[in-house]
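Structure, as structure tokens:
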Amino acid sequence: MTDGGDRGEMSALRHAARFARVREAHQSELAEDYVEMIDDLIATRGEARSADLADCFGVSPGTVARTVQRLIRDGLVNSEPYRAIFLTERGREVALAARARHRLVEDFLLSLGVSPEAAELDAEGIEHHVGPETLEAFRKHLKR
């Protein structure tokens, strides 16, 4: 039999694990948003430039430059100074997976009766914080 201290310690460990998952989701959220936007810009304009990304996200060129450097480091994009930004094969895969996850979450919300506008907006935030088990439950719900 354990005492209350053991339960408190286990609760704290579970809490810490949850925070770690949220931090990880926040880190991947930015990368996924950027690669999706780069993919969209390439599809609509033929290229993605840092200035375009700054306009789309409402951030400074310096913020875009730092984020693009991180994406290069992570193998998601290629770029040279004063040139367009292009997705690597891995970057395209991340963009496709993020887009599919977004559609699934949005479709799930629509199936619950959420308005299209709210579903689109809410899916953008939710998509980055939903685990595989929950996504599978969404898929099963939609197949009914």
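Those residues that are in a strand (DSSP E or B) and either over 17 Å from the mean Cα position of the chain (by Cα) or of a type in the set (S, T, Y) (or both), I need them from the stretch 60-102; list them, please. Before you say what the answer is, go through the steps one by one.
Here is the first cut: in the stretch 60-102, the ones in a strand (DSSP E or B) are 77-79, 85-87.
N78, S79, I85, F86 - these are the residues of the stretch 60-102 that are in a strand (DSSP E or B) and either over 17 Å from the mean Cα position of the chain (by Cα) or of a type in the set (S, T, Y) (or both).
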Worksheet item: From A84, A100, which residue is surrounded by fewer than 16 Cβ atoms within 10 Å (Cβ to Cβ) and not hydroxyl-bearing (S, T, Y)?
Response: A100
Worksheet item: Which condition breaks for E24 when tested against (1) within 23 Å of V130 (Cα to Cα); (2) of a type in the set (D, E); (3) modelled with pLDDT of 95 or more?
Response: (3)
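Starting from residues that are surrounded by 16 or more Cβ atoms within 10 Å (Cβ to Cβ) and free of Cβ contacts under 8 Å to residues at least 40 places away in the same chain, keep the ones in the stretch 60-71 and report whichever is farthest from E89 (Cα to Cα). Walk me through it before giving the result.
Going residue by residue through the stretch 60-71, those that are surrounded by 16 or more Cβ atoms within 10 Å (Cβ to Cβ) are 64, 67-68, 71.
Imposing the further condition that a residue be free of Cβ contacts under 8 Å to residues at least 40 places away in the same chain reduces the set to 64, 67-68.
Details: V64: 21, T67: 18, V68: 16 Å.
Selected residue: V64.
The values are calculated or read from the model by the stated rules, or taken from the named source; none is laboratory data. The model shown is predicted, which means the values in this text are computed figures rather than measured ones. Virtual Cβ from ideal backbone geometry, glycine too; neighbours counted across all protein chains shown.
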